[in-house]
Every structure is written in structure tokens, then in C-alpha cells.
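S.K.: Structure provided below as C-alpha cells; questions to follow.
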Amino acid sequence: MSELQSKILQILKDGKFHSGESLGERLGVSRTAVWKQLQKLEAIGLQLESVKGTGYRVPAGFELLEHSQISGQLSVPIELVPTQLEIFQSIDSTNKYLRDQADNPQYARSVVLAESQLSGRGRRGKTWVSPFAANIYMSTLWDFERGAEALEGLSLGVGVAVRRALLEVGLADVQLKWPNDIYIGQKKLGGILLEMLGDPAGHCSVVVGVGINVSMPVQAGETIDQDWTDINSQLNKPISRNRLAAALISHILVLLDSFQASGFAPYRDEWQSADAFAGQQATVATVRDSISGTVVGVDAGGALEMQLASGEIQRFIGGELSLRLTK
């Protein structure tokens, strides 16, 4: 991002209207130069409102992520402080960035955040809507031994860590949907995407992607294909994205540090206490068919347990499965 774009963002973050002329005067450039930079900012997801004769604004304003604020609010032992904490104004995908860095030892235990993603992805290849400076888009890189065996239930464990962070910043009734969604009131608040790299039977790295809706602009929300909510519509006053980022990083790093030794079992009861689908009729869609039953919970390895009409308890491992309430 150019220095001029950064200066424009510092002015627009107050949420007030600023004319092209006044922006040009403050920045020492022409109105045309301002307009060109605003177009570039819109292209990376800035939700800009333009009113002829009045000027430009970002409704409700925004808070930019800042390294010093986030690092200053981390609550982790010194040995868990991220080796790298990077913030990008715009990036194709925070997960992809860390996948590309996985072989670099300097990036072990690293965290990347972005103000916007141009190619953000959710589970099963879906697009993750990523407007500028509105939400949290974050990825963490962590090394594991024993490969896939050590990762059973990890997405659910990360869900517990994310829920703890959300409760810490003031949210209530945060629920978890198997295997990797964060819910409030049957509406999606966020999601988790894990990607494993390396030896499935030995040393491997895992990229843990987390997206949380904080202040989703209406225009961007219209492109989401399911019921959703955001943090600021659940609280009486806006929260600091920097504070939330610090809480998420802290809880996730503590979880990752303990997970290889303990696995999911110690987190199972906490996950089940927040299960959004517990006791409800639901359907699991597989590649070949759909299976319906009553959601019982999850086992110690994080597999979904569902009671079929026959009374049999069937277990489902994560992957390319889709869980929906039965209508």
C-alpha cells in the first residue's frame, strides 16, 4: 500500500464525510489523485460511500490493526510469543501466505493478519467475504510431530480457543458448530480452516486460519449465502479489533501448545457445552448421500456422533462433510 493511501485511510477512519478537495488540500495532491487512490482502496474491499457535493466516507468508521497494540495486549508465556507477527493491508489469503512460508524456520509459531483478503477461502473451497478493516482475517503456523494422528479434533479445539477469546471481549452465548464454525443464535459469526503440510505420519506444519465477523458492511454481507451475524450487532458498543486479535492469538497459541500432548479430550466437555446442534435433528451430507438423525455430541477424537432412527450411534470424521439442521 502506498504512503498516500495510508494517509487517506487515517483521515477516513473517523467515519465522517471528507470532500475530495479537502482531502487533496490536506495531502498536498490534486482531487484527481485522491479519486484514483480511493478507487484502488475500493478495489481491496474498502466500503466507501460517495455523496455528490458532500464527499466520501466509510460509514461508522473503522479501526486499523496495529502491531504495537496487538503485541502489547498478548497474554501468553514468553516462550509462546509469536516469532513473527505481520499485518498486511491487503493479501490474497493469510493461509496461503503461511503455507508458502512453512519451510522457513523463522516462521514457526508465526501469526499473520490482514485488513482484507482478495482470495480468502472458507471450508470446502467457498469464498470468504473479506471487506477492508471490517473483520478479523488471521492465520497461525504451528509445527506438530506424529502427523495427522496428533491433529484429531484440532479444529474443534481451536473452536474452543476462539470461543474463549470471544467471551473474553464481552460476547455471550457463543456456540460451536461441528466441525469448525462459530455461531450466535443459529447465525454464523466465524469459521476455522486448517491446512496440513508435510508428512502425514511424522513432522508436519498446520496453518490455522480464523475469520471472525466484527463489523460486516451490509453491502458485503449481501454476498454471503447463509445466515450470518457480526460482533458489533451483538454488543451495545463496538469492540476494538486490536483487542480481539490479541485475545484470539493468545488463546489459540496456548491451545496449540498443549494440544499435541493432550489431544482434544480435555476440551471435549467445553466444546459440547457450546454445541449449537446438540439434541437437534440434523443431516450430514457426504459425497454420496445424506444421513439424518439426532446430534448426540462428539467423541474424544472430535468425531460427530449422531443417533439414527434405528437407535444406532454413527460417527462422522471431519473433511468434506456438511452438517445442517433438518427442516
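S.K.: Please find, within the stretch 284-327, the residue that is farthest from ILE182 (Cα to Cα) out of those that are part of a loop (DSSP other than H, G, I, E, B) and of a type in the set (Ser, Thr, Tyr).
M.R.: SER310
S.K.: Kindly indicate which of LEU113, LEU74, LEU98 is part of a helix (DSSP H, G or I), in the same structural domain as LEU248 (by TED's automatic domain parsing) and touching a residue at least 60 places away in the same chain (Cβ under 8 Å).
M.R.: Testing whether each residue is part of a helix (DSSP H, G or I), in the same structural domain as LEU248 (by TED's automatic domain parsing) and touching a residue at least 60 places away in the same chain (Cβ under 8 Å) leaves just LEU98.
For every residue, the table says whether it meets (1) over 24 Å from GLY170 (Cβ atoms); (2) without any contact (Cβ under 8 Å) to a residue 60 or more places away in the chain.
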| residue | (1), (2) |
| --- | --- |
| PRO200 | yes, yes |
| HIS203 | yes, no |
| VAL206 | yes, no |
| ALA220 | no, no |
| ASP227 | no, yes |
| ILE231 | no, no |
| SER240 | no, no |
| ALA245 | no, no |
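Listed here are the residues, each with its yes/no results for (1) assigned by TED's automatic domain parsing to the domain that holds ARG164; (2) under 22 Å from the mean Cα position of the chain (by Cα); (3) within 29 Å of THR83 (Cβ to Cβ).
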{"site": "LEU244", "(1), (2), (3)": "yes, yes, yes"}
{"site": "ILE249", "(1), (2), (3)": "yes, yes, yes"}
{"site": "ALA265", "(1), (2), (3)": "yes, no, yes"}
{"site": "ALA282", "(1), (2), (3)": "no, no, no"}
{"site": "ARG288", "(1), (2), (3)": "no, no, no"}
{"site": "SER292", "(1), (2), (3)": "no, no, no"}
{"site": "VAL296", "(1), (2), (3)": "no, no, no"}
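S.K.: Restricting the stretch 7-30 to residues that are farther than 15 Å from ARG57 by Cα and without any contact (Cβ under 8 Å) to a residue 12 or more places away in the chain, which is surrounded by the fewest Cβ atoms within 10 Å (Cβ to Cβ)?
M.R.: Ranking the qualifying residues of the stretch 7-30, first place goes to GLY28.
S.K.: If you don't mind, there's one more thing I want to ask. If ASP103 passes every condition in (1) part of a strand (DSSP E or B); (2) over 15 Å from the mean Cα position of the chain (by Cα) but one, which one does it miss?
M.R.: Of (1) part of a strand (DSSP E or B); (2) over 15 Å from the mean Cα position of the chain (by Cα), only one is false for ASP103: (1).
S.K.: Those residues that are hydrophobic (A, V, I, L, M, F, W, C) and modelled with pLDDT under 95, I need them from the stretch 309-327; list them, please.
M.R.: Of everything in the stretch 309-327, those that are hydrophobic (A, V, I, L, M, F, W, C) and modelled with pLDDT under 95 turn out to be ALA309, PHE316, ILE317, LEU321, LEU323, LEU325.
The values are calculated or read from the model by the stated rules, or taken from the named source; none is laboratory data. The structure presented is a predicted model; accordingly, all values stated were derived computationally and were not measured. No Cβ is skipped: glycine too gets one built from the backbone with ideal geometry, and neighbour counts run over all protein chains shown.
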